[in-house]
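The values are calculated or read from the model by the stated rules, or taken from the named source; none is laboratory data. Everything quoted here is computed from the prediction, not taken from an experiment. A quick note on method: Cβ atoms are made from the backbone with ideal geometry, for glycine too, and the neighbour counts reach across all protein chains shown. Accessible surface is based on the protein model in full, side chains and every heavy atom, while ligands, DNA and RNA are left aside. Shrake-Rupley method; radii C 1.70, N 1.55, O 1.52, S 1.80 Å.
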Amino acid sequence: MKKVSFKIDHLDSLGQGVSKIEDILFLEKTLPGETGQAYIHRKAKGVSFGHIRDSKDIFQTSPERIDPDCPHFWECNGCQYLHTNYRNEVNFKKNSLSRNLRKVISEEEFEKKINLHPAPNRFQYRNRVQLHYDKKKKLLGLHNIKIKKIVEIPSCKILNTDVQKEVIKLYENKEWLKLLKNKAPKGHIEIYKTQDKKSSLAINQRYAHNGFTQVNQVMNQKLKDLIKIKIQKFTKNQNVNILDLFGGNGNLTNQLPHPTFVVDSGPLKEVTSSNNKVFHQCNLYKENAIKEIKHIINNKKIEGFIVDPPRSGLNNLFDWSSQFDPSFIFYISCNPSVLARDISPLLTKYTINEINLLDFFPSTQHYETFVILQKKSP
């Protein structure tokens, strides 16, 4: 593996340090101004991607660097920011969001409209984990493709107490090997603790096979509360209709009194339609999805959208807005570059009223963005 020198100029939108000594080098777990040696694990299109093995590879450290409070940090690819304090982490994420949204809003306007919502806890928040296994190598943990290794994480800091207990049980005396006696040589185990403390353990099933839920329940509730406050601001009464796209089982809208049409591509579990909620399963990416939903809502006037798509976004959001003509659109995304792509065509008719960064995933490069679009006056 090739070894090169680095000097970090800045962090990119993914939290990676950027070095420009020779080729452009992207390097996780570094900070601006730091120098040292890195190991290249991939090159593509004239740029290199590397990693550092431990703190000894850093020759000049940033004053913002701290000792990571996790024994797995240097090998594990689960967290990216434990080498600096949480205040810095949130600020780096704010800068990341600003860079991602430059095509749709100026830096000056961004600063006026951004609201930061840090998490109350940097650790012990995650209610779900997917662990990869290799029976031949007798390894269970997170798969780090950079070093081509499954990294065992018995002391993971971001798992909540209930999930952590289940993980420890699997590691004790290699208990997981007994559990997988008749399973494939390689695969994964998912552990999930529901809000009512029920335990779910799945082997070689798709991620969140029982239905998607947010991994950080405290921040999820904060987002729900924020949506409720903002929707009261944008609606004059409780009788206007809301369209909740990618709404799952109604997570973001079940607390709203407004009549709501909740649509999701996946199967809906444990939900029933009520006087103010109608649930419908529909592949929102198929060609006639808009026509199907217009039929379901019987051409009723839709006052507002709540859109919470997967990472791929909804690239025909403009078409949806043209057909339903909502007064406001609440767009929630874990992929800010895709968010920018989707809302860019809307800005001829809508203005960005507010931007909220909610740190659903402390210690990692990820976060949620909640953008409010308001229809321009005629």
Check: Is there any pair linking a residue in region 345-358 that is at negative phi and touching a residue at least 24 places away in the same chain (Cβ under 8 Å) to one that is open to solvent by 20 Å² or more (accessible area, probe 1.4 Å) and part of a strand (DSSP E or B), with Cβ under 6 Å and at least six apart or on different chains, and which?
Finding: Y350/K375; T351/Q374; N353/Q374; I355/I114; N356/N115; L357/L116; L358/H117
Margin query: Checking the conditions here, which among S377, S363 is in contact (Cβ under 8 Å) with a residue 24 or more places away in the chain and either of a type in the set (G, A, S) or within 30 Å of H72 (Cβ to Cβ) (or both)?
Written below: S363
Next item on the list: State which residue is farthest from the chain's Cα centre (by Cα) when the search covers only region 133-148 and only residues that are of a type in the set (D, E, K, R) and at pLDDT 95 or above.
Entry: K136
Checklist line | strands (runs of 3 or more DSSP E) completely within region 1-104 that count 3 or more residues being surrounded by fewer than 19 Cβ atoms within 10 Å (Cβ to Cβ) | finding: 3-11, 35-44
Check: Within region 286-352, which helices (runs of 4 or more DSSP H) (wholly inside it) include 1 or more residues that are open to solvent by 60 Å² or more (accessible area, probe 1.4 Å) and of a type in the set (K, R)?
Finding: 289-296, 336-343
Check: Just to be sure, is C282 in contact with an Asp or Glu (Cβ under 7 Å, 6 or more places away or on another chain), without any contact (Cβ under 8 Å) to a residue 40 or more places away in the chain, under 24 Å from P118 (Cβ atoms) and not charged (D, E, K, R)?
Finding: no
Notebook entry, point to check: Using beta carbons and a limit of 7 Å, which pairs, at least six apart or on different chains, have the first residue in region 223-245 and open to solvent by less than 70 Å² (accessible area, probe 1.4 Å) and the second one assigned to a helix (DSSP H, G or I)?
Noted result: L243/F324
Margin query: If the requirement is being in contact (Cβ under 8 Å) with a residue 40 or more places away in the chain, closer than 23 Å to N77 by Cα and either surrounded by fewer than 19 Cβ atoms within 10 Å (Cβ to Cβ) or in contact with a helix residue (DSSP H, G or I) (Cβ under 7 Å, 6 or more places away or on another chain) (or both), which of these qualifies: I168, I191, I153, I158?
Written below: I191
Next item on the list: Scan region 127-150 for residues that are surrounded by fewer than 17 Cβ atoms within 10 Å (Cβ to Cβ) and in contact with a helix residue (DSSP H, G or I) (Cβ under 7 Å, 6 or more places away or on another chain) and jot them down.
Entry: K135, K138
Item checked: Qualifying residues in region 113-126 (those that are open to solvent by less than 40 Å² (accessible area, probe 1.4 Å) and over 13 Å from E89 (Cα atoms)) - the one nearest to the chain's Cα centre (by Cα) -> Y125
